[in-house]
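Enquirer: There's a structure below that I have some questions on.
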Amino acid sequence: MSGAIETPRIRLRPWREADRGPFASLLADAEVMRDLGGPVDRAAAAAKLDRYAAALVRTGVARLAVETRDGTFLGYAGVMPLPDGHPAGARFDVGWRLKRDAWGRGYATEAARAALDDAFARLAPSEIVAFTAVDNPRSQAVMERLGMARAAERDFTASYDRFGPWHGLVWVARRP
């Protein structure tokens, strides 16, 4: 991917150095990060942004910055490659995380749909998964609005150093 993915209201684009502050603020918000063990510090946020930028260079897909058409930072969304042997049993996943003042406006669904469409068109995987915490009904609703199919048989538990065991509920999008 060389440029941006645009929809009528938003743009998904590669990361810029100027995004580091807004990205760190997003990940420092306790409510935004509630389903992933709570807020993270600036160093952890910088490492995550670096991983996203490197994945884009390496694979052509990654979590991308999401902004309004006038350039207001909203968060991130995009398709990422999963590591070999990931318990969700797929090669790619789609995910998103938005600032609280962007919640409830359809941005997550719009951004995820654009990322899915782009990845299916360019990479042609047979499926892309999404997963979320049991206690994250907002993301579960986005997955339903995207038309993803619930795949309970692929739910998994992973252990994270930062906050211990995490149970992921899995949804699947299949190539159109």
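Enquirer: Check 112, 77 and return the single one that is surrounded by 17 or more Cβ atoms within 10 Å (Cβ to Cβ) and touching a residue at least 60 places away in the same chain (Cβ under 8 Å).
Expert: Numbers: 112 fails: touching a residue at least 60 places away in the same chain (Cβ under 8 Å).
Only one candidate passes the filter, namely 77.
Enquirer: Which members of segment 66-108 meet the condition of being farther than 27 Å from residue 174 by Cβ and of a type in the set (A, V, I, L, M, F, W, C)?
Expert: 73, 74, 102, 103
Enquirer: Among the residues that make up segment 56-74, is at least one of them surrounded by fewer than 20 Cβ atoms within 10 Å (Cβ to Cβ) and aliphatic (A, V, I, L, M)?
Expert: yes
Enquirer: Tell me the residue from 52, 107 that is of a type in the set (Ser, Thr, Tyr), at pLDDT 95 or above and over 20 Å from residue 9 (Cα atoms), please. Please lay out each step first, then the result.
Expert: Values: 107 fails: over 20 Å from residue 9 (Cα atoms).
Every option except 52 fails the conditions.
Enquirer: Is there a residue in segment 84-93 that is in contact (Cβ under 8 Å) with a residue 40 or more places away in the chain and of a type in the set (A, V, I, L, M, F, W, C)?
Expert: Just the residues of segment 84-93 that are in contact (Cβ under 8 Å) with a residue 40 or more places away in the chain, to begin with: 87-90.
Add one more test, that the residue is of a type in the set (A, V, I, L, M, F, W, C), and what stays is 88, 90.
Yes, because at least one residue in segment 84-93 is in contact (Cβ under 8 Å) with a residue 40 or more places away in the chain and of a type in the set (A, V, I, L, M, F, W, C).
Enquirer: While we're here: Determine which member of the set 133, 119 is under 15 Å from the mean Cα position of the chain (by Cα) and at pLDDT below 95. Please lay out each step first, then the result.
Expert: Numbers: 119 fails: at pLDDT below 95.
Going through 133, 119 in turn, the sole match is 133.
Enquirer: Quick check on segment 3-22. Is at least one of its residues touching a residue at least 40 places away in the same chain (Cβ under 8 Å) and closer than 26 Å to residue 157 by Cα?
Expert: Scanning segment 3-22, I find no residue that is touching a residue at least 40 places away in the same chain (Cβ under 8 Å) and closer than 26 Å to residue 157 by Cα, so the answer is no.
Enquirer: For segment 1-59, which positions are of a type in the set (Val, Ile, Thr) and out of contact with any Pro (no Cβ under 6 Å at 6 or more places or on another chain)?
Expert: Within segment 1-59, the first condition is being of a type in the set (Val, Ile, Thr), and the residues that meet it are 5, 7, 10, 32, 40, 57, 59.
5, 7, 10, 32, 40, 57, listed by residue number.
Enquirer: Another question about this same structure. Within segment 8-48, work out how many residues are under 22 Å from residue 121 (Cα atoms) and either surrounded by 16 or more Cβ atoms within 10 Å (Cβ to Cβ) or within 16 Å of the chain's Cα centre (by Cα) (or both). Quick ask: steps written out before the conclusion?
Expert: Within segment 8-48, the subset under 22 Å from residue 121 (Cα atoms) is 8-15.
Applying the additional criterion that residues be either surrounded by 16 or more Cβ atoms within 10 Å (Cβ to Cβ) or within 16 Å of the chain's Cα centre (by Cα) (or both) yields 10-15.
So the count comes out to 6.
Enquirer: Please indicate, with yes or no, whether at least one residue in segment 104-120 is in contact with a Phe, Trp or Tyr (Cβ under 9 Å, 6 or more places away or on another chain) and either assigned to a loop (DSSP other than H, G, I, E, B) or among the basic types (Lys, Arg) (or both).
Expert: no
Enquirer: Given the residues 159, 139, which is the only one that is among the hydroxyl-bearing types (Ser, Thr, Tyr) and either in a loop (DSSP other than H, G, I, E, B) or surrounded by 12 or more Cβ atoms within 10 Å (Cβ to Cβ) (or both)?
Expert: 139
Enquirer: Additional query: Pick from 114, 90: which is within 14 Å of the chain's Cα centre (by Cα) and either polar (S, T, N, Q) or more than 19 Å from residue 40 (Cβ to Cβ) (or both)? Let's see the steps before the verdict.
Expert: Numbers: 90 fails: within 14 Å of the chain's Cα centre (by Cα).
When all the criteria are applied, what remains is 114.
The values are calculated or read from the model by the stated rules, or taken from the named source; none is laboratory data. These numbers come from a predicted model, not from an experiment. Ideal geometry is used to build each Cβ from the backbone, glycine not excepted, and the neighbour counts take in all protein chains shown.
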